[in-house]
Amino acid sequence: MSVLVAAALALTGCAAVVPGAGRPAAPVVVTATPDPLGSTAPETADEPPRPALAADVLPDECLVDALAFSALLGEPVLPPRQVVVTRADGSRPTSCVATSTAEPPEPLASVNVYEPRTGTPAEFVRSAPPQGRRTLDGAGEAAALVDTAPGVTLQLAGARFVVTIAVLDGAPGDDAWRTAAATALAALPA
């Protein structure tokens, strides 16, 4: 049977499987096309366009280790792993995923790294629509916490990259976010 499962996964293009069922998210109603980092607000003619981002710019996005993830989440996690995620639209981005220590392990959080195609990382973070977000002072060149369907996502601007840290359930405190942000920024390449 396991050979059939492996063959099915190979045929569907799944390169890595994140174990567990995850945690259910509340239903979401989207009234506009969402951007890659969770905003659903349409741009208006008075607003400049938000800088575009290139995804999967680092081969390993695990900028936050198990200890730092555990501090952020308030529970122990397994060492995070870089995985390929197959989305409903067929795209296959990579992501660093932290999972629970429970059996079976469940995804709890992820890290992604982007590079702006135009503008700076700080311009990207600051140009996000204000709905469902708030600024996080004292983290990077700019930082914001964004409410998304699965949970809270930190958008963090470094000198060259935008880092997102998504927590699937719960709401870490600001100091925990700042500590995770500092850990992630320190692990970025120059």
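One table, with the values for the structure above:
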quantity: Percentage of interatomic Cα-Cα distances in the stretch 49-187 larger than 18 Å; calculated: 53
quantity: Cβ-based exposure ranking for Glu61, Glu115, in which fewest neighbours within 10 Å come first; calculated: Glu115, Glu61
quantity: Paramagnetic label zone (point 7 Å from Cα along Cα-to-C-beta, Ala54; backbone N under 16 Å) in the stretch 89-110; calculated: 94
quantity: Relative exposure of Phe69, Phe161, judged by other C-beta atoms within 10 Å (fewest first); calculated: Phe161, Phe69
quantity: Residues Ser91, Ser100, Ser127, sorted so that the one with the fewest Cβ neighbours within 10 Å comes first; calculated: Ser91, Ser127, Ser100
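Computed from the coordinates by the stated procedures, all read-outs in this text should not be read as laboratory data. Nothing here was measured: the structure is a model prediction, and the numbers come from that model. Here Cβ is always computed from backbone atoms with ideal geometry, including for glycine, and neighbour counts include all displayed protein chains.
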